[in-house]
């Protein structure tokens with residue numbers, strides 16, 4: 001569900017019009033975050049080191065991300081809540097991370113991957129059912 005945007009509403013815009021601001025304008029034309037990429041299930045948490053939502057120079061989307069990250073939330077959930085592409089959210093989160101406004105907690109890497117022979121045996125067992 002798309003949230004109503006703040007500010008004056010225009011008669012010539014409706015719910016089917018889609019976003020008025022293109023994603024590349026939100027990121028300043030960048031397609032990669034200034035830091036390493038974020039996993040979709042990585043948790044983002046606003047830091048309590050600075051009060052408010054980050055001060056001057058932040059776009060409304062940056063401020064909204066900080067607000068949503070007051071509780072731990074996954075990157076994919078942030079993208080869904082803001083109704084933005086995951087790539088755009090990753091770039092915006094990179095900006096916030098560089099400013100120290102959020103912390104990103106990556107999931108631990110898979111320490112153990114099963115052997116191919118085990119996977120083949122499981123598939124064969126399932127087919128036999």
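Taking R0 as 41 Å, what FRET efficiency do you get between residue 127 and residue 103 from their Cβ-Cβ distance, rounded to the nearest 0.05?
Given R0 = 41 Å and the Cβ-Cβ separation, E is 0.35.
Can you give the Rg to Rh ratio for segment 61-101, taking only C-alpha atoms and Rh from Kirkwood?
Here the Rg-to-Rh quotient is 0.91.
Report the extension gain between residue 118 and residue 71 in nm, rounded to one decimal, defined as 0.36 nm multiplied by the number of residues separating them, less their alpha carbon distance.
Contour length minus Cα-Cα distance gives 13.0 nm.
Coordinate-derived values only; no laboratory data. Bear in mind the structure is a predicted one, so any value in this text is a computation, not a measurement. Every residue, glycine among them, receives a Cβ derived from its backbone with ideal geometry; neighbour counts consider all protein chains shown.
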